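The structure appears below as C-alpha cells.
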Amino acid sequence: MKQLQQAPPSEEPVSSLVGPWPRVETYAELDAAEWLHTNGAGAYAMSTVSMMHTRRYHGLLVAPLLPPLRRFVLLNHLELTLHAQGRHFRLSTHQFPNLAPTPGYRLLRSFALDPIPHWTYRIGDEEFERTLSYARRREVTVLTFTWRGKEPATLVVRPLLSLRSIHGLMHEHGAMVQRVALRQREVEIQPLLDLPPLCFRHSGMFVGSPDWWRRFEYLEDRTRAGEFQEDLWTPGAFEVQLLPDRPQYLMVAVGSLPTESAKTLLDETVAELTALDPGPTRALSVRRLLIAAECYRVESPTRCSIIAGYPWYGIHLRETLQSLAGIALVSGKLDFARRTLATALSTQRGGLLTDMLTEVEANRGQPSPDSTLWLFDAARSYIAAVGSKDPFVVQRLYPALRRAFVRLRSRRGRLGWISPEGLLANFAQDRPLTWMDGKVGDWVVTPRRGLAIEMQALWVVGCQLIARLARQQGELSLMACATEADNKARASFKQRFWCHESDHPYDCVSERPPGDGGWTDAAVRPNALMALALAPELFEDWQATAIVTRARQELLTPRGLRTLSPNDSRYQGYHEGGLEQREGSAHQGTVWPHLLGYFVRASRRLAPDDLALRQELIELVEGAAEESLALLHVAEMADGDAPHRPRACPAQSTAVAQLLSVLVDELGL
C-alpha cells in the first residue's frame, strides 16, 4: 500500500481535496490498497485503488435487502471502454486465470477519497475522470464520467452483476430473466425474481446484449477460502457521448429510481461527508478517524447500530458496545448512541443480550453473557455523557441493566453465573464466551473456561453502576445487593487472581480454588491490562505498574498489543494460511490495534502528568492508525512478528473507535 499523503494544492482551489482526505498516486502500478464508501444505512461500495476486485465482498452497489443487514452484491463491476483520439482504451482491471490483470490500471494516475472515490486516468496528453457516490441512507449509486480532452469522446459502460449474498459466489446458470423494460433515459431489469429490480438512469443509449462473463478471480479469497472464481452477468451496455469538461451521470438504484437528479444526490452526499471533517483545529489523525467512524454508523427505519467491520462482518453486539464511545459519543452523536443502545436492548431475553443481530430477521443470535457485560461499560460511558436522569436512562437503560444484573447473579442457566466467591463464571461446551472466541468446527482455540480476568472487571463495573443508579431510583435493597456483590467480587479477585511467582495476574482461574482441585492459567495476555483499564480499583498501584510494564515488554508493538506473549510456547507470530491456521493464530500472538486503547488508559492513570509519556502514546496511537489495508481505516489485527503486517478484516469498528476515543478523551487531541 502506498503512503497516504495530503492532496497537493490545485490551481483552482477545491475544498474536497484538502485536509484529511487520502490521495494515492498510482503511477500506472497495480495498487491493492482498499477503499470504502458507505451510505449510512448498511449499503457500501468497496474495491482496491486500481479497481481490481480481490475479494468476493467487493462491489460497486452492495445493498442490504433487510436494512442494514442481508447484504447482496448487486452491481459488481463496470467494464469501461473509452473511444478517444482515434483509439480504444480499456479502463477496467480484472484478474482471470493464468493471465496478467487486464491493463486498465496502467492508465490510472491517481485515486482520491475526497470525500467520495475519485479516479483520474491519463489518456495520452488528456485526462478522463470517474467518481462513485452513494446517496445517503438510500440504495442509489451515482457514477460520474468526465472527459478532459479537446475533442468529444465516447464511453461504453457495461454493468457486470453478481446478484448474490456477500458471502457467496455466482456461477453461470440458465435462470436469468432476459427481459428489459425501457423508458426514456431509463432501463429496468430484474434478472432474478426473488431480488428487487435494478433501475438505471442514463444520458446515452442502451444496447441490450445479455451474456455471462466468466471466471473472474479474487486473489485475497484464494488465500482465505477454497473457492475464488466467479461468473458475472451483464444485461447489455450503455453508450455515452462525452463532451469536454461536461460530466455525464449513470444512476443505479435498487427497486425504483429517485425523483432527484443525479447531480442533486451527488452534491448532497459530498456536502454531508465533507461536514464530517472538524477542520484544521484538530489533529490530522483525529480528523481521519472521525471520518472513518461514520462508515460504521448504520440507521434504518427499524434499527440503528454499528457495523463491526467491512466487508464481511455484520452487527456483533460486543463490538457494537465496545465501539459506542468512539463511534458515537466522541463526535457528540448522542441520539445515535441512544438508538444503538435501544437496538441492543431489544435483543435482551432472560436478562442476557444476544451475541449478534443476524442477517435473518427471525434469528436474533445466541444469548451472550459477554455482550451483556459489555453493556455495563457502554452504559457507563453513555450516562457520563447524558446524565443519569436522562429519560432513556431511567425508562429503558436502567431496567435492562437491572435485569442483566439479576440474571448474572443467579446460578440459573449454563452461560454465566456468580460463583460462591462472588466472581463471574462463564462456561459453554460448544462455544467460547469471551472476546477470544476463535473456533474451527468443534475446536475451541482459546477456551478460557472458568473465571476470565476481564469479565471480572466488567462485573465489578456493572455492580458499581447498578448500585449508583438504584440509589438514585430509591431502590435501596437493590443498591445494598449490588454494593455487597461489588465488595465480594473485589475481595475474591484480589485473593484469586494475582500470581506472585510471575508478578502478573492469572489470565483465567477455575471456579474451584487450587486447594480444592482447581487450576490457574498464568499466560501473559492483554486481558489483565483490559481489566486494569476497566476497573483500576481491582489492583494496588504496584500491581498496576507491574501489569503495564509487562505489557510494554512482551505485548506492545507499533500496531497494537499481542494476544499472547512471544515467550509462551503456544505463540504464533503470523496470521496466515488456511482457515484453521488463521483461526488458530488469531488469539495466540496476533496484534489487535484496539487493545492500544486499554494500554493508553492504564498508562495514563499511572502517570497523568508525564508529558513525555503522553507524547509517546500519541505517536504510538497515530502510528497504529496510519498503516492499514483500507484507506482511512484500521485493520482488525496484524502479525505478532515484525513488520506487523495488517491482517484480517480491513476496516474494523473497535480499532477505529478505541484509537479515536483515547486520542480525544485520554490524550486531549
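The values are calculated or read from the model by the stated rules, or taken from the named source; none is laboratory data. Predicted model only: the values in this text are computed from it and were never measured. Heads up, the Cβs are rebuilt from the backbone with ideal geometry, glycines too, and the neighbour counts pull from every protein chain shown. SASA here: full protein model, heavy atoms, side chains in, ligands and nucleic acids out. Shrake-Rupley method; radii C 1.70, N 1.55, O 1.52, S 1.80 Å.
For every residue, the table says whether it meets (1) within 18 Å of VAL73 (Cα to Cα); (2) among the β-branched types (Val, Ile, Thr); (3) over 31 Å from the mean Cα position of the chain (by Cα).
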residue: GLY124; (1), (2), (3): no, no, yes
residue: GLU127; (1), (2), (3): no, no, yes
residue: THR144; (1), (2), (3): no, yes, no
residue: GLY149; (1), (2), (3): no, no, yes
residue: LEU161; (1), (2), (3): yes, no, no
residue: ILE166; (1), (2), (3): yes, yes, no
residue: LEU169; (1), (2), (3): yes, no, no
residue: MET176; (1), (2), (3): yes, no, yes
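Given the condition polar (S, T, N, Q), without any contact (Cβ under 8 Å) to a residue 60 or more places away in the chain and surrounded by fewer than 20 Cβ atoms within 10 Å (Cβ to Cβ), answer yes or no: does some residue in segment 103-116 qualify? Within segment 103-116, not a single residue is polar (S, T, N, Q), without any contact (Cβ under 8 Å) to a residue 60 or more places away in the chain and surrounded by fewer than 20 Cβ atoms within 10 Å (Cβ to Cβ).
Here is a yes/no grid of residues against (1) touching a Lys or Arg at 6+ places or on another chain (Cβ under 9 Å); (2) open to solvent by less than 40 Å² (accessible area, probe 1.4 Å):
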| site | (1), (2) |
| --- | --- |
| GLU220 | yes, no |
| LEU232 | yes, yes |
| ALA237 | yes, yes |
| LEU242 | no, yes |
| MET251 | yes, yes |
| THR259 | no, no |
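Picking from residues in segment 158-201 that are open to solvent by less than 20 Å² (accessible area, probe 1.4 Å), assigned to a loop (DSSP other than H, G, I, E, B) and touching a Lys or Arg at 6+ places or on another chain (Cβ under 8 Å), the one that is farthest from VAL142 (Cα to Cα) is MET170.
Residue-wise test of (1) among the charged types (D, E, K, R); (2) surrounded by fewer than 18 Cβ atoms within 10 Å (Cβ to Cβ); (3) at negative phi.
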position: CYS463; (1), (2), (3): no, no, yes
position: ARG468; (1), (2), (3): yes, yes, yes
position: ARG471; (1), (2), (3): yes, yes, yes
position: GLU475; (1), (2), (3): yes, yes, yes
position: MET479; (1), (2), (3): no, no, yes
position: ARG496; (1), (2), (3): yes, no, yes
position: GLU501; (1), (2), (3): yes, yes, yes
position: GLY517; (1), (2), (3): no, yes, no
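Taken together, the residues in segment 535-588 that are at pLDDT 95 or above, in a helix (DSSP H, G or I), more than 23 Å from SER492 (Cβ to Cβ) and open to solvent by less than 10 Å² (accessible area, probe 1.4 Å) amount to 2.
Residue by residue through segment 620-650, note down the ones that are closer than 18 Å to TYR313 by Cβ, out of contact with any Phe, Trp or Tyr (no Cβ under 9 Å at 6 or more places or on another chain), aliphatic (A, V, I, L, M) and touching a residue at least 60 places away in the same chain (Cβ under 8 Å).
The answer is LEU629, VAL634, ALA648.
Here PHE145 does not qualify as farther than 30 Å from TYR296 by Cα and either surrounded by 15 or more Cβ atoms within 10 Å (Cβ to Cβ) or β-branched (Val, Ile, Thr) (or both).
The number of residues in segment 49-80 that are open to solvent by less than 30 Å² (accessible area, probe 1.4 Å) and hydroxyl-bearing (Ser, Thr, Tyr) comes to 2. For GLU11, the conditions (1) under 15 Å from HIS118 (Cβ atoms); (2) at pLDDT below 50 all hold with the exception of (1). If I filter segment 390-397 for residues that are at pLDDT 95 or above, open to solvent by 30 Å² or more (accessible area, probe 1.4 Å), over 25 Å from PHE539 (Cα atoms) and charged (D, E, K, R), do I get at least one hit? Yes, the conditions are met somewhere in segment 390-397.
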